[in-house]
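The values are calculated or read from the model by the stated rules, or taken from the named source; none is laboratory data. For clarity, every value in this text was computed on a predicted model and none was experimentally measured. All Cβ positions, even for glycine, are placed from backbone atoms using ideal geometry, and neighbour counts span all protein chains on display. Accessible surface areas use protein heavy atoms only, side chains included; no ligands, DNA or RNA. Shrake-Rupley method; radii C 1.70, N 1.55, O 1.52, S 1.80 Å.
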Amino acid sequence: MSGQPFISEVNVRFRHCDPAGIVFYPRYFEMINDFVEEWFDKGMGLPFHTLHVGRRIGTPLASVQCDFSAPSRWHETLRQELIVRRIGGASFSAEVTFFGPDGGVRLKASLTIVTVDLDRMRSTAIPDDLRLRMREFLIAKPSQ
């Protein structure tokens, strides 16, 4: 059984750009974080506020690997896609891709996110309800 990607769009704003009018690369990481937060909220129905404040479960990024393929410019609308690649005990891996208006890849990032008990500041098992919701977006990489 294969899941589906979570899809959204982001508008490249003036605040994202350097003087050349292209996205300054650290701003992409802010966009990625906003997109992951949107996925939790709209894709899985579990807002960060509920998870972090109500349930005291944090979701820090443990690892990121990002490739930038082409520049994005001020006032463009980028299509964002997120798929889950692996669900482990206390962490999961996701792949985020941003596409330009022409359909070309602008960036591809591989993320490892850990679930953390915010009171003890230690990793904790992914809650069963969150694990179940993540499976809707799980698309394993093809065997090589």
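What to note about this one:
- Against the list (1) within 19 Å of residue 113 (Cα to Cα); (2) open to solvent by 20 Å² or more (accessible area, probe 1.4 Å), the condition residue 22 fails is (1).
- Enumeration of residues in the range 118-144 that are surrounded by fewer than 17 Cβ atoms within 10 Å (Cβ to Cβ), part of a strand (DSSP E or B) and not small (Gly, Ala, Ser): 122
- Residue identified as open to solvent by less than 40 Å² (accessible area, probe 1.4 Å), within 22 Å of residue 139 (Cα to Cα), among the hydroxyl-bearing types (Ser, Thr, Tyr) and at pLDDT 95 or above among 8, 72, 63: 8
- Which listed residue is under 16 Å from the mean Cα position of the chain (by Cα) and open to solvent by less than 20 Å² (accessible area, probe 1.4 Å), from 48, 40: 40
- Looking across the range 19-48, just one residue is free of Cβ contacts under 8 Å to residues at least 24 places away in the same chain and among the basic types (Lys, Arg), and that is 27.
- Those residues of the range 90-109 which are in contact (Cβ under 8 Å) with a residue 40 or more places away in the chain and aromatic (Phe, Trp, Tyr), in sequence order: 92, 98
- Going through (1) under 15 Å from the mean Cα position of the chain (by Cα); (2) among the hydroxyl-bearing types (Ser, Thr, Tyr); (3) open to solvent by 40 Å² or more (accessible area, probe 1.4 Å) one by one, residue 91 falls short only on (3).
- Enumerated strands (runs of 3 or more DSSP E) restricted to the range 23-117, each holding at least 1 residues that are on the phi > 0 side of the Ramachandran plot: none
- Pairs linking a residue in the range 1-18 that is closer than 30 Å to residue 132 by Cα to a residue that is open to solvent by less than 100 Å² (accessible area, probe 1.4 Å) and among the hydroxyl-bearing types (Ser, Thr, Tyr), with Cβ atoms under 6 Å and 6 or more positions apart or on different chains, are 9/77.
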